[in-house]
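Heads up: the structure comes next, in structure tokens.
The values are calculated or read from the model by the stated rules, or taken from the named source; none is laboratory data. The structure presented is a predicted model; accordingly, all values stated were derived computationally and were not measured. Backbone-built Cβ (ideal geometry, glycine too); neighbour counts: all protein chains shown.
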Amino acid sequence: MTMRSSSRSITFVHPFSLKGLDGTQPAGTYVVETDEELIEALSLPAYRRIATWFRIATVPGKPGIAETAMVDPGISQRLWHATVRYRRLRHDVGIARL
């Protein structure tokens with residue numbers, strides 16, 4: 001089975017909580033890693049998301065020390081879209097204020 005992994009950074013401007021994580025996390029930038037497997041029965045290459053990992057710094061200011069928690073595989077895409085919508089909203093509001 002062919003696998004691939006990707007990661008992206010997501011910035012939260014407010015404290016947040018997610019199913020799969022213990023407690024409320026502080027605002028900041030987090031890394032979300034996604035593992036996917038190739039669906040071999042199709043004529044075109046297609047991948048299915050099988051796991052999403054959320055990296056949480058356990059010691060503030062020490063980026064090498066982190067805890068990783070498995071979260072809902074669809075969370076990465078939803079968080080990314082929410083971040084993009086937030087950036088667009090801030091940008092649009094900023095233009096309106098000029």
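Some notes on this structure:
- Complete set of residues in segment 1-48 that are acidic (Asp, Glu) and modelled with pLDDT under 80: Asp22
- Scanning segment 10-50 for residues that are in a loop (DSSP other than H, G, I, E, B) and among the hydroxyl-bearing types (Ser, Thr, Tyr), we see that the one that is farthest from Arg78 (Cα to Cα) is Ser43.
- Glu67 being modelled with pLDDT of 75 or more, over 15 Å from Ser9 (Cβ atoms) and either in contact with a helix residue (DSSP H, G or I) (Cβ under 9 Å, 6 or more places away or on another chain) or surrounded by 14 or more Cβ atoms within 10 Å (Cβ to Cβ) (or both): no
- Of all residues in segment 39-51, those that are surrounded by 10 or more Cβ atoms within 10 Å (Cβ to Cβ) have Cβ atoms under 6 Å from Cβ atoms of residues that are part of a loop (DSSP other than H, G, I, E, B) and at pLDDT below 85, 6 or more apart or on another chain, in Arg49/Pro73.
- Any hit, segment 72-91, residues being among the polar types (S, T, N, Q) and either assigned to a strand (DSSP E or B) or modelled with pLDDT of 80 or more (or both): no
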